[in-house]
Amino acid sequence: MSAPDRIVIVGGTSVIAVRAARRWAEAGTTRLRLVGRDLGKLEAVAADLRLRAPELEVDCAALDLTDPVAAAAAIADSIERLVPDVVLIAHGSMHEQSEMQRDLVLAADQLISGGVSPVLWLEGFADAMHSGTIVAIGSPAGDRGRARNYLYGAAKAMLEHAVQGLQHRAAQSGGPRIVLVKPGPTRSPMTAHLDTSRMAEPDAIAVGIVRAAVTGRPVVYVPGIWRWIMLVVRSLPRGVFHRTRF
Amino acid sequence: MTKVSSWGLLSHHEHELVPVFDRQGARSAITGQGSPGLAVGLERSYGDVSLNGGGRLWDLRGMDRFIDFDEETGLLRCEAGVTIAQVQEIFSVRGWMMPVTPGTRFVTIGGAIANDVHGKNHHRAGSIGNHVRAITLLRTDGTVIECSPALEPEWFAATVGGLGLTGVILEASITLKRTGGPWIDAEDIPFESLEEFFAISAESDSTHDYAVSWIDVTTDGGRRGIFTRGTTAVDQSGVAPRDRSAPFPFTPPVSLVNSLSVPVFNRAYFRRKSRRARRRREHYRPFFYPLDAIPHWNRMYGPRGFHQYQSVVPHRDALEATREMLGEIARSGLGSFLGVLKTFGDVPPVGMLSFPMPGVTFALDFPERGDGTDALFARLDRIVADAGGRLYAAKDARMPRTMFDAGYPALGRFREHMDPGLSSELSRRLVEETA
């Protein structure tokens, strides 16, 4: 599988994004831009990637990812300077559901950083690109609202809706391919407060992302078993679903 | 809470597992906690040095970034969760490799330093601590200590081989070895007696970078074996073989390593190795890490798990002590697939609790069999102690305190550097002072 030549990653310090970036770098990507919030952390990721792939040219852009004006400028600059083949939109957050129920500021942050912001980046890149692939990271949690994590799920469902709309639009009038990768629970800083022992490794998700960027399959669950689990979860009649606790 | 086992699969205690991904995360997870914890990586230690049953483990596998590399000097700076596998894979094709590697590449840099691991080149290069240039250590009170052989040398000496008990290693700088590529000129030499092993070993120390031998402990009280030696190849061209592996699929209900299977296996292995081409150019993966091709090979010892008994005894009595140990093993009827003999060199280790010393190291795997195993180990302990030797903490789950005290004379000095916020099952068993 040949690597895409030029890549932009939004949420460049996300563990999953870093693992995907390493795979792309080692497979021969020549130009990479990391977009994120914290320049220090982005530079640490960039230094690691340069050591792994000395031929790779990496730069970093730090900004408030939730600011639509800053996002629009960063997207325009990335398109002009890189002409990316692949854009990975990987930023997000996961707050504790019970805390968000008590604290609407936290709930708003969840919806904005996990839903509104990724949708705006997706929209911006989709409008500016004529070809190539955009990979966004969704979640099985977006498939059906559950008591345990419905605000996180609502943000991911919002992203999925936007992806569906853009896929519909691309089918009619062309444009970049849009791919939604939905990782199951993964060992990462976002889930560090949970029991991570049975979660997927970030590397496994990265493999799924790299592959999805090539095949362009519209919706990819990683690991694949989640497609079937969520098929069952979505199909459960409400009366039955409400008696479950997962 | 999560069940965690080390490589020997001897226990499956519940732990609170806390993943750590960066320096900030390390600081918030590690400092100011109520009960003591322990930083861990890939759990390739055999015994309880990497366990803290009922307590907390900080999983540092996520701290795996390279920070800097100097193409002129080979100095690599990286986070503690970087694995030796990653270093070898990325740098070997650019002409650099780990200066020292143990027999598995699935170890983190932090774990390798905390156990001051050695490898097939000990006779020339010493252990990994001899190549560590700097360590960044986080104490659980929030203090960060930068130490090196010149800066805070006492902290450096306590931390190299310090079993993770002086603080959490966050980053380290290591000088890689310039090899020009991933290839090694390797050679297998069958031997038929211990004297022959010692002779080949003495000869090879000055001619070869790498040397180790497998010994058949089941035949005639252990005489024959295969001496494997190698040197960095001059011709480094070639296409690396594919990294193929076939995992051991499940844990059998009883150990497959028993008095019936071991002699059969050992005989077949000796014959195969003696017949095959003895000189070859080999990629570093099969040369350094033959067992990594069978992930989960530890399962083959069944649900009770297994011990590795690794000793070192000084040169003076090495031949006699080795012969006596082989005799005890033969008499016990507790066979071992893996009998490994290697001569250590004279490079002094830098750590207060470092295992290597000039002499001969002998490593053996035994399935856990309860009293029979205990009794054999007690007899082996006596031979090792009488010869002025010691046992390797990274492999140990059972040595008595007296054995540890006698083997590690700098223990008192080491204790002054221990972090009260850190503890392991091994430290409670052997290192912490008893009330």
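Can you tell which of A:GLY115, A:GLY124, A:GLY145 is more than 14 Å from chain B (Cβ to nearest Cβ), of a type outside the set (Lys, Arg) and either part of a loop (DSSP other than H, G, I, E, B) or surrounded by fewer than 17 Cβ atoms within 10 Å (Cβ to Cβ) (or both)?
A:GLY145
Being surrounded by 23 or more Cβ atoms within 10 Å (Cβ to Cβ), of a type outside the set (S, T, N, Q) and not in a strand (DSSP E or B) is the filter here; which residues of the range B:165-181 pass it?
B:LEU165, B:GLY167
Taking the residues in the range B:86-109 that are open to solvent by less than 20 Å² (accessible area, probe 1.4 Å) and within 12 Å of chain A (Cβ to nearest Cβ) as candidates, determine which candidate is nearest to B:LYS3 (Cα to Cα).
Going through the qualifying residues, I end up with B:VAL87.
Condition check ((1) open to solvent by less than 50 Å² (accessible area, probe 1.4 Å); (2) within 14 Å of chain B (Cβ to nearest Cβ); (3) not in a strand (DSSP E or B)) across all residues:
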position: A:ILE134; (1), (2), (3): yes, no, no
position: A:HIS161; (1), (2), (3): no, no, yes
position: A:GLY165; (1), (2), (3): yes, no, yes
position: A:GLN172; (1), (2), (3): no, no, yes
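Name the residue, out of B:VAL384, B:VAL431, that is modelled with pLDDT of 95 or more, open to solvent by less than 10 Å² (accessible area, probe 1.4 Å) and over 20 Å from B:ARG223 (Cα atoms).
B:VAL431
In the range B:364-381, what residues are under 16 Å from B:GLU324 (Cβ atoms) and either open to solvent by 20 Å² or more (accessible area, probe 1.4 Å) or within 13 Å of the chain's Cα centre (by Cα) (or both)?
The answer is B:LEU364, B:ALA375, B:ALA378, B:ARG379.
Would you list the strands (runs of 3 or more DSSP E) that sit entirely within the range B:278-346 and hold 3 or more residues that are closer than 25 Å to B:GLY359 by Cβ?
Answer list for the range B:278-346: B:306-313, B:339-344.
Would you mind listing the helices (runs of 4 or more DSSP H) fully within the range A:1-92 where at least 1 residues are within 14 Å of chain B (Cβ to nearest Cβ)?
A:15-27, A:39-52
Tell me whether the range A:59-75 contains one or more residues that are among the hydroxyl-bearing types (Ser, Thr, Tyr) and either surrounded by 18 or more Cβ atoms within 10 Å (Cβ to Cβ) or closer than 20 Å to A:ALA3 by Cβ (or both).
no
Look through B:ARG124, B:ARG133, B:ARG139 and report the one residue that is within 18 Å of B:VAL212 (Cβ to Cβ), away from chain A (no Cβ under 14 Å), of a type outside the set (Asp, Glu) and open to solvent by 30 Å² or more (accessible area, probe 1.4 Å).
Answer to the check: B:ARG124.
May I ask you to list the residues in the range B:1-15 that are facing chain A (nearest Cβ under 9 Å) and open to solvent by 30 Å² or more (accessible area, probe 1.4 Å)?
Hits for the range B:1-15 are B:MET1, B:LYS3.
Being open to solvent by 20 Å² or more (accessible area, probe 1.4 Å), among the small types (Gly, Ala, Ser) and more than 13 Å from B:LEU380 (Cα to Cα) is the filter here, so list the residues in the range B:315-335 that pass it.
B:GLY333
Kindly list, by first and then second residue, each pair from a residue in the range B:36-48 that is farther than 16 Å from B:ARG429 by Cα and in contact (Cβ under 8 Å) with a residue 40 or more places away in the chain to a residue that is of a type in the set (Ser, Thr, Tyr) and assigned to a strand (DSSP E or B), limited to pairs with Cβ atoms under 8 Å and residues at least 6 apart or on different chains.
Listed pairs, sorted by first residue: B:GLY41/B:THR83; B:GLY41/B:THR108; B:LEU42/B:THR83; B:LEU42/B:THR108.
Within the range A:43-83, how many residues turn out to be among the basic types (Lys, Arg) and within 22 Å of A:GLY124 (Cβ to Cβ)?
The qualifying residues number 1.
Are there any pairs, at least 6 apart or on different chains, whose C-beta atoms fall under 8 Å, with the first in the range A:178-191 and facing chain B (nearest Cβ under 10 Å) and part of a loop (DSSP other than H, G, I, E, B) and the second open to solvent by less than 10 Å² (accessible area, probe 1.4 Å) and polar (S, T, N, Q), and if so, which?
Partner pairs satisfying both residue conditions: A:ARG187/A:THR196.
Let me spell it out: the conditions are (1) part of a loop (DSSP other than H, G, I, E, B); (2) surrounded by 16 or more Cβ atoms within 10 Å (Cβ to Cβ), and B:VAL262 meets all of them except one. Which number is the exception?
The one condition B:VAL262 does not meet is (1).
Can you pull out the residues in the range B:142-164 that are open to solvent by 10 Å² or more (accessible area, probe 1.4 Å), touching a helix residue (DSSP H, G or I) at 6+ places or on another chain (Cβ under 9 Å) and assigned to a helix (DSSP H, G or I)?
Result: B:GLU154, B:ALA157.
Residues of the range B:53-80 being free of Cβ contacts under 8 Å to residues at least 60 places away in the same chain, open to solvent by less than 50 Å² (accessible area, probe 1.4 Å) and closer than 15 Å to B:ASP22 by Cβ, which ones?
Residues satisfying the conditions are B:ASP59, B:GLY62, B:ASP64, B:ARG65, B:PHE66.
Do we find that B:VAL217 is of a type in the set (A, V, I, L, M, F, W, C), touching a residue at least 60 places away in the same chain (Cβ under 8 Å) and in contact with a Pro (Cβ under 7 Å, 6 or more places away or on another chain) in this structure?
In short, no.
Condition test on B:VAL40, is it within 14 Å of another protein chain (Cβ to nearest Cβ), among the aliphatic types (A, V, I, L, M) and either open to solvent by 20 Å² or more (accessible area, probe 1.4 Å) or farther than 19 Å from B:GLY53 by Cβ (or both)?
Here the answer is no, as B:VAL40 does not meet what is asked.
So B:THR31 ticks every box in (1) within 14 Å of chain A (Cβ to nearest Cβ); (2) of a type in the set (Val, Ile, Thr); (3) open to solvent by 30 Å² or more (accessible area, probe 1.4 Å) but one. Which box is left unticked?
Going through (1) within 14 Å of chain A (Cβ to nearest Cβ); (2) of a type in the set (Val, Ile, Thr); (3) open to solvent by 30 Å² or more (accessible area, probe 1.4 Å) one by one, B:THR31 breaks only (1).
Could you tell me whether the range B:43-54 includes any residue that is modelled with pLDDT of 95 or more, within 14 Å of chain A (Cβ to nearest Cβ) and within 30 Å of B:LEU10 (Cα to Cα)?
yes
Can you work out which of the residues in the range B:220-249 that are outside any loop (DSSP other than H, G, I, E, B) and among the small types (Gly, Ala, Ser) is farthest from the chain's Cα centre (by Cα)?
B:GLY225
Hey, B:ARG229 hits all of (1) at pLDDT below 95; (2) crowded, with 18+ Cβ neighbours inside 10 Å; (3) not aliphatic (A, V, I, L, M) but one; which does it fall short on?
Unmet condition: (1).
The values are calculated or read from the model by the stated rules, or taken from the named source; none is laboratory data. In this text the structure is predicted, and so the values were computed from the model without any measurement. Glycine gets a Cβ as well: all are built from the backbone with ideal geometry, and neighbour counts include every protein chain shown. Each accessible area value is taken on the protein alone, full model and side chains, heavy atoms only, with ligands, DNA and RNA left out. Shrake-Rupley method; radii C 1.70, N 1.55, O 1.52, S 1.80 Å.
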